[in-house]
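**Q** Structure provided below as structure tokens; questions to follow.
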Amino acid sequence: MELPFAESWKIKMIEPIRKSTLAEREEWLKKAYYNVFQLKAEEVYIDLLTDSGTGSMSQGQWAALMLGDESYAGATSFYKFEAEVQKITGFKYVIPTHQGRAAENVLFSYLVKPGNVIPGNAHFDTTKGHIESRKAKAIDVTIDEAKDTQLEIPFKGNVSIEKLEKVLSENKGNVPFMVLTVTNNTVGGQPVSMQNIRETSAVCKMYGVPIVMDSARFAENAYFIKTREKGYENKTIKEIALEMFSYVDGMTMSAKKDAIVNMGGFIATNDKDWYEGAKMFCIPFEGYITYGGLNGRDLNALAVGLEENTEFDMLDTRIRQVKHLADKLDEYGIPYQRPAGGHAIFVDADKVLINVPKEEFPAQTLTCELYLEAGVRACEIGYILADRDPVTRQNRFGGLDLLRMAIPRRVYTDNHIDVIAAALKNVYDRRDSITRGVAIEWEAPIMRHFTVKLKRL
Ligand code: F0G
């Protein structure tokens, strides 16, 4: 008999989690204004709010922490980190930052001017925030197919070359860079193919526009290239990653995802001008350029995490678990963004809560229902997260309205995944009786989803 697949690691340390009653959850959610970001973590049974900073570090990473050099400047930890980033990315200049959005803040402070236009395949919300808060415009150039959740194509995170070219030709001289996000989080953790990266790079070169790769989940993207794109079957993840980076001019990285650390990020580039420019902003915002807001020990753990999580077995274990959740949803007939993404499953709330009008935020309503059902905390990637149009101040209802269940790396077992799927099935089975959603009572002017106060209708 062929042996079944199993994880490429075993568990050495555990953290207890606790179930709650429906009455407790109703009280807690009300107190949280129907916004799961406002819940206490101890009020959550299984936490799928994010895969960011929530992974389990390996014994290698914990061991590396003990060797951290906490010198203010020139620590050995920095040089280890720098050498690892240089090896994995091929970029010469490396600036540590405390997380991904800090990398954006530092680099964009140098590159973005008011009135600029910055195309990208669905900018992540902090990326969009850092562009819009500088009075520049973020334009989404993801392929239209990404909006059809039931369409099964291998690289649904791709850039539409046609849309990109239109933005570049209409805004000559006003595009400081384009953002290429791998994997494309906003449309469902969907990968970008190497061919698309190559074509994007060629078009940008034609218009003299550099590319910043938002690389939070670059290793997962490389996994999909290896397993789905012809010609890459026999290449290693590290070889594929190097090729991906070879087509772009620089990167911002949230190391809380694919480097599996609880905190950390960086900027890397071969462009000396970008490096010198970013350095100026690193010092006041993040700290001296050999620590950038991080402890020496954090830099050590980050370096080990990057090395380990660019190995096939680690990624295979992870992405199979995400697929396991998708397979369960298939069994129950629950619609999600197909095919399964790298870090999360995105349930198509519009297709589940068909009786809840979009003005009452179906995905946010589904997030509340899933929490009430079983204490599972997912999050809304939909109309609330989309914020208002900066000019018209109208809600942006043009995109997808999704419930995201992000799977932390190396944290939950497949038994937990089965509980999550069963909880969602129970909500799905009573979907016809859910006819009202939520209304906004208070919201912040940008990135409102973190602090929005809602009421149940
Ligand atoms: N870029 C992408 C594609 C992201 O998904 C994130 C964070 C960031 C940048 C910012 O990085 O959190 O380290 O500052 N995404 C998390 C998420 C928060 O839940 O998807 P950060």
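**Q** Here is a check on your reading of the model: is Val391 over 26 Å from Leu29 (Cα atoms), among the β-branched types (Val, Ile, Thr) and either assigned to a loop (DSSP other than H, G, I, E, B) or open to solvent by 10 Å² or more (accessible area, probe 1.4 Å) (or both)?
**A** Working: over 26 Å from Leu29 (Cα atoms): yes; among the β-branched types (Val, Ile, Thr): yes; either assigned to a loop (DSSP other than H, G, I, E, B) or open to solvent by 10 Å² or more (accessible area, probe 1.4 Å) (or both): yes.
Criteria met by Val391.
**Q** For the stretch 250-262, give me the residue count where each residue is out of contact with any Lys or Arg (no Cβ under 6 Å at 6 or more places or on another chain), within 21 Å of Ala64 (Cα to Cα) and more than 8 Å from the ligand (Cβ to nearest atom). Give the derivation first.
**A** At the first step, the residues of the stretch 250-262 found to be out of contact with any Lys or Arg (no Cβ under 6 Å at 6 or more places or on another chain) are 250-256, 259, 261-262.
Now narrow it down to the ones that are within 21 Å of Ala64 (Cα to Cα): 253-256, 259, 261-262.
Keeping just the survivors that are more than 8 Å from the ligand (Cβ to nearest atom) gives 253, 259, 261-262.
Residues meeting the conditions: 4.
**Q** Now for a different question. Got at least one residue in the stretch 33-45 being surrounded by fewer than 19 Cβ atoms within 10 Å (Cβ to Cβ), in contact with a Lys or Arg (Cβ under 9 Å, 6 or more places away or on another chain), free of Cβ contacts under 8 Å to residues at least 60 places away in the same chain and farther than 30 Å from Met253 by Cβ?
**A** yes
**Q** Write out, first by first residue and then by second, each pair whose Cβ atoms fall under 7 Å of each other, whose residues are 6+ apart or on separate chains, and whose first residue, in the stretch 116-130, is aliphatic (A, V, I, L, M) while the second is within 10 Å of the ligand (Cβ to nearest atom) and at pLDDT 95 or above.
**A** Ile118/Val179; Ala122/Thr181; Ala122/Asn184
**Q** Please verify whether Val427 is modelled with pLDDT of 95 or more and out of contact with any strand residue (DSSP E or B) (no Cβ under 9 Å at 6 or more places or on another chain), treating the condition exactly as stated.
**A** Details: modelled with pLDDT of 95 or more: yes; out of contact with any strand residue (DSSP E or B) (no Cβ under 9 Å at 6 or more places or on another chain): yes.
Considered against the rule, which asks whether it is modelled with pLDDT of 95 or more and out of contact with any strand residue (DSSP E or B) (no Cβ under 9 Å at 6 or more places or on another chain), Val427 comes out as yes.
**Q** Might you let me know whether the stretch 371-384 holds any residue that is without any contact (Cβ under 8 Å) to a residue 24 or more places away in the chain and in a loop (DSSP other than H, G, I, E, B)? It would help to see each step written out before you state the result.
**A** Initial filter on the stretch 371-384 (without any contact (Cβ under 8 Å) to a residue 24 or more places away in the chain): none.
No, the stretch 371-384 has no match at all.
**Q** Let me ask something else about it. Tell me, which strands (runs of 3 or more DSSP E) wholly within the stretch 78-151 include 3 or more residues that are touching a Gly at 6+ places or on another chain (Cβ under 8 Å) and over 15 Å from Ala255 (Cα atoms)? Break it down stepwise before answering.
**A** On the way: elements: 93-97, 117-120, 137-140.
Answer list for the stretch 78-151: 137-140.
**Q** Moving on to the next point. Quick one: what pairs do we get from the stretch 99-111, first residue assigned by TED's automatic domain parsing to the domain that holds Phe177, second near the ligand (Cβ under 8 Å from one of its atoms) and in a helix (DSSP H, G or I), C-beta under 6 Å, 6+ apart or different chains?
**A** What qualifies is Arg101/Thr126; Glu104/Thr127.
**Q** Output the residue which, of all residues in the stretch 165-185 that are farther than 24 Å from Ser52 by Cα and in a loop (DSSP other than H, G, I, E, B), is least open to solvent (accessible area, probe 1.4 Å).
**A** First, pick out the residues of the stretch 165-185 that are farther than 24 Å from Ser52 by Cα: 165-177.
Subset that is in a loop (DSSP other than H, G, I, E, B): 171-177.
Values: Asn171: 37, Lys172: 147, Gly173: 92, Asn174: 48, Val175: 17, Pro176: 30, Phe177: 0 Å².
Looking at residues that are farther than 24 Å from Ser52 by Cα and in a loop (DSSP other than H, G, I, E, B), I get Phe177.
**Q** OK, next. Among the candidates Asp144, Asp140, single out the residue that is open to solvent by 50 Å² or more (accessible area, probe 1.4 Å) and either more than 15 Å from the ligand (Cβ to nearest atom) or aliphatic (A, V, I, L, M) (or both).
**A** Numbers: Asp140 fails: either more than 15 Å from the ligand (Cβ to nearest atom) or aliphatic (A, V, I, L, M) (or both).
Among Asp144, Asp140, only Asp144 is open to solvent by 50 Å² or more (accessible area, probe 1.4 Å) and either more than 15 Å from the ligand (Cβ to nearest atom) or aliphatic (A, V, I, L, M) (or both).
**Q** Then there's this: For a quick check of your reading of the model, give me the residue pairs whose first member lies in the stretch 159-172 and is within 12 Å of Thr142 (Cβ to Cβ), whose second is open to solvent by less than 60 Å² (accessible area, probe 1.4 Å) and in a helix (DSSP H, G or I), with beta-carbon atoms closer than 6 Å and at least 6 apart or on different chains.
**A** Close Cβ pairs (under 6 Å, with a partner that is open to solvent by less than 60 Å² (accessible area, probe 1.4 Å) and in a helix (DSSP H, G or I)) amount to Val159/Asn196; Val159/Thr200; Ile161/Val203; Leu164/Val203.
**Q** Looking at the stretch 135-149 only, could you name the residues that are closer than 19 Å to Phe224 by Cβ and not acidic (Asp, Glu)?
**A** Within the stretch 135-149, Thr142, Ile143, Ala146, Thr149 qualify.
**Q** Just checking, does the stretch 307-314 include any residue being among the hydrophobic types (A, V, I, L, M, F, W, C) and either more than 16 Å from the ligand (Cβ to nearest atom) or in contact with a Cys (Cβ under 9 Å, 6 or more places away or on another chain) (or both)? Can you show your working first?
**A** Here is the first cut: in the stretch 307-314, the residues among the hydrophobic types (A, V, I, L, M, F, W, C) are 312, 314.
With either more than 16 Å from the ligand (Cβ to nearest atom) or in contact with a Cys (Cβ under 9 Å, 6 or more places away or on another chain) (or both) added as a condition, the list becomes 312, 314.
Yes, the stretch 307-314 contains at least one residue that is among the hydrophobic types (A, V, I, L, M, F, W, C) and either more than 16 Å from the ligand (Cβ to nearest atom) or in contact with a Cys (Cβ under 9 Å, 6 or more places away or on another chain) (or both).
**Q** While we're looking at this one, here's another question. Taking the stretch 141-156 only, how many residues are closer than 24 Å to Lys205 by Cβ and free of Cβ contacts under 8 Å to residues at least 60 places away in the same chain? Let's see the steps before the verdict.
**A** Taking the stretch 141-156 and keeping what is closer than 24 Å to Lys205 by Cβ, we get 141-143, 155.
Cutting the leftovers down to free of Cβ contacts under 8 Å to residues at least 60 places away in the same chain gives us 141-143.
Of the residues in the stretch 141-156, 3 are closer than 24 Å to Lys205 by Cβ and free of Cβ contacts under 8 Å to residues at least 60 places away in the same chain.
Okay, residues lined up against (1) over 21 Å from Leu111 (Cβ atoms); (2) modelled with pLDDT of 95 or more; (3) of a type outside the set (S, T, N, Q); (4) in a strand (DSSP E or B):
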{"residue": "Met213", "(1), (2), (3), (4)": "no, yes, yes, yes"}
{"residue": "Asn221", "(1), (2), (3), (4)": "yes, yes, no, no"}
{"residue": "Lys230", "(1), (2), (3), (4)": "yes, yes, yes, no"}
{"residue": "Glu239", "(1), (2), (3), (4)": "yes, yes, yes, no"}
{"residue": "Leu242", "(1), (2), (3), (4)": "yes, yes, yes, no"}
{"residue": "Val248", "(1), (2), (3), (4)": "no, yes, yes, no"}
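**Q** Pairs only if they're at least six apart or on different chains, beta carbon under 7 angstrom, first in the stretch 183-196 and within 9 Å of the ligand (Cβ to nearest atom), second in a helix (DSSP H, G or I) and not hydroxyl-bearing (Ser, Thr, Tyr); list them, first residue then second.
**A** Between residues of the stretch 183-196 that are within 9 Å of the ligand (Cβ to nearest atom) and residues that are in a helix (DSSP H, G or I) and not hydroxyl-bearing (Ser, Thr, Tyr), the close pairs are Thr183/Glu220; Thr183/Asn221.
**Q** Can we say Ala374 is open to solvent by less than 10 Å² (accessible area, probe 1.4 Å) and either among the aliphatic types (A, V, I, L, M) or within 30 Å of Ser58 (Cβ to Cβ) (or both)? Spell out the reasoning first.
**A** Working: open to solvent by less than 10 Å² (accessible area, probe 1.4 Å): no; either among the aliphatic types (A, V, I, L, M) or within 30 Å of Ser58 (Cβ to Cβ) (or both): yes.
When the stated conditions are applied, Ala374 does not pass them.
The values are calculated or read from the model by the stated rules, or taken from the named source; none is laboratory data. Being a predicted model, the structure only gives us computed values, none of them experimental. FYI the Cβ positions are ideal-geometry reconstructions off the backbone, even for glycines, and counts take in every protein chain you see. Surface areas here come from the heavy atoms of the whole protein model, side chains and all, with no ligands, DNA or RNA. Shrake-Rupley method; radii C 1.70, N 1.55, O 1.52, S 1.80 Å.
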